[in-house]
Amino acid sequence: MGKGHRLAFLLVCLAGCCYADDATSDSNKPATTQTWIDKLKKDLLANYDRNVRPTQHYNVTHLDLKMTIRHVDIDEENSIFSVYGWVKMTWTDDKLKWKPADYGNVDLFRCNPDSVWKPDVVLYNNARGSDNLHYGQTNVIVYSSGQVLWVPPTDYHSFCELNLRYWPFDYQTCILKVGSWTYDGYKLNLTTSEAEPEIDIGVPNNEWSIRKVTTDRNTVYYKCCSEPYIDIQYNVTLQRHSSTHKAIVVSPAFVIMLLALSVFWLPPHCGEKIVLNGIIVLVVTVFLIYFAQQLPAMSGNTPLIVTFYSTTFYLVAISTILSVIILRITRGKRCHAVPRVLKSQLDGCLGSVLRVGNVGPSEEDKEAAGGEISVNSKQQDWCRLAVLLDRLAFVVYLIVFAISIICFSL
């Protein structure tokens, strides 16, 4: 072979090698109508089973759970606590790893959450029966390291044991307990890297505000199984805004107390005592009907404000009976003297403390009786006894109302 032929042969071989290298480099490129992400998803999800945990059965999948609370509400009639927000879930999928250099330096992509495996984290104390669709269908973000990030909007509804004893100044602590429904702690390790959820209220609740949120990680062993089950528990403490309730419920309570006490400062012969008590009974009845419509029927923790109104109802009834007795004492003609035991109280320490002076029938009573009432010592003593009963009842009622206020303030 001549020198020229050898040179030509070398050029042909060199061109063939270059062409082979170009063919090899182009073999990994996507088709004309595809992008690198299209090819990446096609390669990763070709034989992917989204129903199988994406790691060996003896490995543990670590799931980091975080929550952002955007809105809260309480349905008092059904004892349901509602939380609206976002849940941030992060885990590693061994089947979704790749080298970015092999796919045009693509280091992440987004896909439909139904295309990949997701942990079956549900709300254990769910108040919506068999409905466990707590999360919205937002995309998941898959990174080249195999890390998967899913931040769906969340709609949690849990049962909450309400204590309305101090309504409308009450605090309620409700619990959200979330965990895997089928995976034990040896398969899915549920963790949280935050001490408490992030609170980012979008639309404030007109009645409730969040005072404190704490997070607990619990490991539970059930009787059925030897494996541990892990859950994350959020303890949410809420405070009721009571400005409106203060104007509607609490302020009238003080007015009712003053009216009930003022009955005992009317003259003992005054018939308007019964009229005023009747008005108070009517007002208290209206409020009790309002409470029956506003508050759920709950046993064991009746609100103190309801107890106050119902107690006032009975006290006013007793006050009315006492007023009838006092009117009977002052307006009737007494021929016999006051019993010695009561007479000693009128002239003794009790009478002096309550300032029971020389009291007799009024001029109006004399005219109403046609002048037949004569002011004698016996009649005067009976009138003093009526005043003593009025003022003694005032002291007793004042103590009862003071105790009610103290109990409500504690």
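Quick notes on this one:
- Considering residues of region 291-314 that are under 24 Å from the mean Cα position of the chain (by Cα) and of a type in the set (Val, Ile, Thr) only, the residue surrounded by the most Cβ atoms within 10 Å (Cβ to Cβ): 305
- Condition check for residue 268: within 30 Å of residue 159 (Cα to Cα) and either of a type in the set (D, E, K, R) or open to solvent by less than 30 Å² (accessible area, probe 1.4 Å) (or both): no
- Within region 378-410, the set of residues being closer than 20 Å to residue 316 by Cβ, of a type outside the set (A, V, I, L, M), surrounded by fewer than 21 Cβ atoms within 10 Å (Cβ to Cβ) and at pLDDT below 85 comprises 391, 404, 407, 408.
- Consider region 271-290 and keep the residues that are within 28 Å of the chain's Cα centre (by Cα) and closer than 18 Å to residue 257 by Cα. The one that is least open to solvent (accessible area, probe 1.4 Å) is 287.
- Index of the failed condition, residue 42 passing every other in (1) without any contact (Cβ under 8 Å) to a residue 60 or more places away in the chain; (2) in a loop (DSSP other than H, G, I, E, B); (3) exposed (fewer than 15 other Cβ atoms within 10 Å of the Cβ): (2)
- Residues located in region 50-79, provided they are of a type in the set (S, T, N, Q) and either open to solvent by less than 70 Å² (accessible area, probe 1.4 Å) or more than 21 Å from residue 111 (Cβ to Cβ) (or both): 55, 56, 59, 61, 68, 78, 79
- Test: residue in region 88-98 that is aliphatic (A, V, I, L, M) and either closer than 16 Å to residue 155 by Cβ or without any contact (Cβ under 8 Å) to a residue 12 or more places away in the chain (or both): yes
- Count of region 216-240 residues, restricted to those that are outside any strand (DSSP E or B) and either open to solvent by less than 80 Å² (accessible area, probe 1.4 Å) or of a type in the set (S, T, N, Q) (or both), is 3.
- Screening the candidates 254, 308, 264, 287 for the property of being out of contact with any Leu (no Cβ under 7 Å at 6 or more places or on another chain) and free of Cβ contacts under 8 Å to residues at least 24 places away in the same chain yields one hit, 254.
- Residue count for region 170-184 satisfying the condition of being open to solvent by 10 Å² or more (accessible area, probe 1.4 Å) and in contact (Cβ under 8 Å) with a residue 60 or more places away in the chain: 6.
The values are calculated or read from the model by the stated rules, or taken from the named source; none is laboratory data. The structure presented is a predicted model; accordingly, all values stated were derived computationally and were not measured. With ideal geometry, Cβ positions are generated from the backbone for all residues, glycine too; neighbour counts draw on all protein chains shown. In case anyone asks, the SASA skips ligands and DNA or RNA and just uses the protein heavy atoms, side chains included. Shrake-Rupley method; radii C 1.70, N 1.55, O 1.52, S 1.80 Å.
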